[in-house]
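The values are calculated or read from the model by the stated rules, or taken from the named source; none is laboratory data. The shown structure was predicted, so the numbers you read here are calculated from the model rather than taken from an experiment. Reconstructed Cβ throughout: ideal geometry from the backbone, glycine too, with neighbour counts over all protein chains shown. Just the protein is used for accessible areas: all its heavy atoms, side chains included, with ligands, DNA and RNA removed. Shrake-Rupley method; radii C 1.70, N 1.55, O 1.52, S 1.80 Å.
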Amino acid sequence: MKAVKFLTCLAGCLAGLATMPAPVAAQDFPSRQVRVIVPFPPGGPLDVLARALGEGFRARTGQAFIIDNKAGANTVIGATACKNAAPDGYTICMLTVSTISINPFVERNLSYDPQVDFEPITNMVAARQVLVLSNSVPAKILSELVAYTRENPDKLNYASFGTGGAAHLLVEWVKVKTGLKATHIPFGGAAPAMLAFERGDVQLFDPVATPPIVEKIRAGGAKGILVHGTKRNPELPDVPTDTEAGLPPLKFDNWFGAFAPAGTPADRVATLSRAIAEIMKEPQFLQKYIHTAGFDAIGNSPAEFRASLPEYRAQAEELVKISAAPASK
């Protein structure tokens, strides 16, 4: 009889456990829109990617991404806003290799600590970059460009998206390795840099190979001098790699990742990571917003992303040393 009562009680307890609600964080998150800080102006490649991810996020969760563009200071303004946000999963940020890996070596008195102030969500993409030259410059390949600038050392300006950013350091690396002469003109993002290129204010820059850039090169409106990495960009098959253009090998990954403020609950970070990674791996999304937009998809887990950051930091430190980029005041 006692055994029967015990089993009856145990069955009732197990049934009660089965019908208990899940923890609030797992069951109800997200229950409202998620603010996404993008540290660049609207219209750039990271902004476009964030908005496209927001469409997929709404389809999966019923909640929207609200994009908050906080541009300036080589992503420092956006990163600081993210650091100071409530760590509840309802504010995240799209940060870059510049924010996390490069800035500690080029920014004095940095307003955040990239190693402690953020929770990695997922490393979304690695950017394919291309060195683009204006048709106003009479050179078609890197060696001709270097020769031209040696004869005309004050005629070439190049754009970047902020001092110490990838678009700045990579051109400085080319200058160090070849003797190229060019004056650095920093801008607040890809869109204003492209406008300056169109106006002729700058003649050279090193952007992500987005569709407008690719189409401009294909149509003959500008010249692709080289692509960074060990293999050619399939969207620009005629543009040589660094080594094919005569440069030494360079190990550097220009990535864009999603982060949350430090202290954001791990289950919410995991939910966000799964959603973003799943969206990016959909075939249609890959084609429309990743491959043709100048990216290669990554979409790893929070643990994998965190484990990769020391190597990215080491790459950035080496590039800063080679390029001899000055630290900001």
Yes/no for residue 270 being outside any loop (DSSP other than H, G, I, E, B), within 22 Å of the chain's Cα centre (by Cα), within 28 Å of residue 172 (Cβ to Cβ) and hydrophobic (A, V, I, L, M, F, W, C): no
Search result, residues across segment 279-300 that are at pLDDT 90 or above, open to solvent by less than 50 Å² (accessible area, probe 1.4 Å) and in contact with a strand residue (DSSP E or B) (Cβ under 7 Å, 6 or more places away or on another chain): 280, 286, 290, 295, 297, 299, 300
Given (1) open to solvent by less than 40 Å² (accessible area, probe 1.4 Å); (2) modelled with pLDDT of 95 or more, index of the condition residue 218 fails: (1)
Counted residues, segment 101-111 - those being open to solvent by 10 Å² or more (accessible area, probe 1.4 Å) and either at pLDDT 95 or above or not in a strand (DSSP E or B) (or both): 6
Number of positions in segment 254-285 that are over 11 Å from residue 122 (Cβ atoms) and in contact with a Ser or Thr (Cβ under 9 Å, 6 or more places away or on another chain): 4
Segment 196-234: number of residues that are among the charged types (D, E, K, R) and in a helix (DSSP H, G or I): 5
Where a residue in segment 170-187 is open to solvent by 60 Å² or more (accessible area, probe 1.4 Å) and its partner, wherever it lies, is of a type in the set (Phe, Trp, Tyr) and at pLDDT below 95, with Cβ under 9 Å and at least six apart: 186/161
Considering residues of segment 305-315 that are under 17 Å from residue 121 (Cα atoms) and touching a residue at least 60 places away in the same chain (Cβ under 8 Å) only, the residue least open to solvent (accessible area, probe 1.4 Å): 305
Hits in segment 122-169 (condition: among the aliphatic types (A, V, I, L, M), open to solvent by 10 Å² or more (accessible area, probe 1.4 Å) and outside any helix (DSSP H, G or I)): 126, 127, 141
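From the residues in segment 139-168 that are more than 27 Å from the chain's Cα centre (by Cα) and of a type in the set (Gly, Ala, Ser), which one is nearest to residue 195 (Cα to Cα)?
Residues of segment 139-168 that are more than 27 Å from the chain's Cα centre (by Cα), as a first pass: 139-141, 143-156.
Okay, now just the ones that are also of a type in the set (Gly, Ala, Ser), so 139, 143, 147.
Values: 139: 22, 143: 27, 147: 27 Å.
Of everything passing the filter in segment 139-168, 139 is nearest to residue 195 (Cα to Cα).
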The listed residue being modelled with pLDDT of 95 or more and either within 28 Å of residue 107 (Cα to Cα) or open to solvent by 30 Å² or more (accessible area, probe 1.4 Å) (or both), out of 275, 262: 262
Scan of segment 49-87 for residues that are in contact (Cβ under 8 Å) with a residue 40 or more places away in the chain and either of a type in the set (Val, Ile, Thr) or in a loop (DSSP other than H, G, I, E, B) (or both), ordered by number: 61, 71, 72, 75, 84, 85, 86, 87
Odd one out for residue 29 among (1) under 29 Å from residue 206 (Cβ atoms); (2) at pLDDT 95 or above: (1)
